[in-house]
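Step one of this worksheet: look at the structure below.
The values are calculated or read from the model by the stated rules, or taken from the named source; none is laboratory data. Just so we're clear, the structure is a prediction, and the values are computed from it rather than from any experiment. So basically every Cβ, Gly included, is an ideal-geometry build from the backbone, and we count neighbours across all protein chains shown.
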Amino acid sequence: MASPTQSGGKICAICHEDCSSRARTKDRAGRYYCQECFDAAMKKKAARKKAVAAPPPPPADDGLGLLEDFAAAASSAPGVELADPDAPVAAAQPMHAHGGGVARPAGANREVSGGVPEFIKQPWFAFVAPTLILGVLYLVARGSPDTAVIFLLPQFLFSLVAGVLVLIQAFRTGIVAGILTFCLFPYTIYFAFAVNDNPHIKALFGVSLISSIPAYIMIFQMGINMVTPIGQAP
C-alpha cells in the first residue's frame, strides 16, 4: 500500500484531509498531521498521563452508602438532631488513673455513675466505716449484760462474712490454700494479709480481728457475772 507521500499528497492521518497547504507535522513513520489534529491529540495524551500519575480520589463513603442512608434516616426521625460539624469541639478533660488502672476524667473523682461517692470504693473506707459502727455499738452495749447482744450479734455476723470472703479467695488461689485456711486459723491470718491481694478483704478481715477482742472480753465478763458467788446461793 502506498504511503501518503508516495501518492503525491500530504494527507492527515487523523482527519484524512489534505494538509499540504496548511500547517502540519510529520512523525518518524512518515505520517502527516494537520496542526489542529496534532494539538488535540497531544492534549489528550497529556491528559491521560496526568490521570495515570494522579492518585485516585478517596471514596465519598466507605460504608458503601450506608452512612448516607443512616444520616438520611436519622434526620427524618422525629426528635433527632444531628451534630453540627462546624460546631466548636469541647476541650478534652484531663484523665487520672484510679484503682485497677482505669482512667477517668478529673471531674469524676468525687462521684461515679449512679451518684455513689468515689471514696466509698476506697480500701480505707472498708476499714474505717465498720470500725466506727462496731465501736459505737460496743459503747452502747457494754453497760449491761442485757444489752451485750447489741454489739455481739453484729460483730459475729461481720466476722462471719469477712471470714467467708477470705475463704473464697483462698479456694480461688488453690485447693490446698483453701483447706489450710478453713482448718488452721494462723494460716487464715497469714493468707488474708500476706497472700490475698484484695485490699478491701484485707481491711474487712482486719476489722473482724480487732472487733473480736472487745467481743471476747464482753463474753468473758458475762460469764463471770453469771457465776453465783459461794455463800450467796438461796
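Observations
- Whichever residue in region 139-158 is within 30 Å of Asp197 (Cα to Cα) and touching a residue at least 12 places away in the same chain (Cβ under 8 Å) and, among such residues, is surrounded by the fewest Cβ atoms within 10 Å (Cβ to Cβ): Phe156
- Options Phe193, Phe182, Phe171: the member that is more than 27 Å from Lys121 (Cα to Cα), free of Cβ contacts under 8 Å to residues at least 24 places away in the same chain and part of a helix (DSSP H, G or I): Phe182
- Residue that is modelled with pLDDT of 90 or more and in contact with a helix residue (DSSP H, G or I) (Cβ under 8 Å, 6 or more places away or on another chain), where the choices are Val149, Val128, Val195: Val195
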